[in-house]
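Structure, as structure tokens:
Readers should treat all values here as calculations from the given coordinates under stated rules, not as data from a laboratory. Predicted, not measured: the structure shown is a model, and the values here were computed from it. Counting neighbours? That spans all protein chains shown, and the Cβs are built from the backbone with ideal geometry, glycine included.
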Amino acid sequence: MRGRRGGRVPELVTSDEYPAYPEALLAVFGRRVAPPRTGKPGRPAGPRVVPPAGLAYGTVHKTRENGRVVKVETRAVFGAVPADGVSTSYLERQNATDRHRNARKGRRTYRFSKDWEVHQAVTAFTMYSYNFCWPVRTLRAKGPGGRWRPRTPAMAAGLADHVWSLEEWVTLPAMQR
């Protein structure tokens, strides 16, 4: 992930409280530091991985009673997390879109994946086609003459300059020389 971001560290990462996330963020973006010796007796503290400056990670904690959410709290794990900046709505929206577009992830169905490689391939296909070939109404932008111009998530991120057709996307060489 760090290579795909060009070495840049994300300013804010938010998630649910899945315990593997802080460790994974530190493994990708953290830096190893050795604390200075204190001069006190005992074994000196060993090196540890710390989050880089500028990285903030916060979680959303949901308290449930009888299967219903009764309270939602945000918690800072590391970094300066803005009070109103922690939200999982974008990720939850993406997960719902993924389940909608990929029948293998539909809940309570017989369409589950039996083959991991096929599951990965279908997931990649649905994610990439959604980002490059599917204009999203809330991302549209005013073009010349005041007309609305459709945009895909890839266009909004600066990765594409037009809405791709599925044929164009599928026939693009995987490795360009």
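Worth pointing out:
- Distance between modelled label sites at ALA24 and THR138, nm, 7 Å Cα→Cβ extension: 2.3 nm
- Using the Cβ-Cβ distance between ARG64 and ARG32 with R0 set to 30 Å, the FRET efficiency from 1/(1 + (r/R0)^6) comes to roughly 0.20.
- Candidate lysines for bridging to LYS114, where Cα separation is under 30 Å - those fewer than 8 sequence places away on the same chain excluded: LYS105
- For the chain, relative contact order (Cα pairs under 8 Å, six or more residues apart, normalised by length) works out to 13 percent.
- Full extension of the chain segment joining PHE125 with GLU73 gains 15.2 nm, where the gain is 0.36 nm per residue of separation less the Cα-Cα distance.
- (i) -0.41, -0.75, -1.37; (ii) -0.31, -0.56, -1.20; (iii) -0.28, -0.50, -1.07, with the label sought being that of the calculated log10 I(q)/I(0) by the Debye sum over Cα atoms at q = 0.08, 0.11, 0.18 Å⁻¹: (i)
- Efficiency of FRET between ALA80 and ALA157 - r from beta-carbon atoms, R0 22 angstrom, step 0.05: 0.35
- Spin-label zone in the stretch 77-102 - amide nitrogen under 18 Å from a point set 7 Å from the Cα of ARG48 along the C-beta vector: 77-80
- The dipole here belongs to the chain: it is taken about the Cα centre, uses +1 on the Cβ of Lys and Arg and -1 on the Cβ of Asp and Glu, and is about 200 debye.
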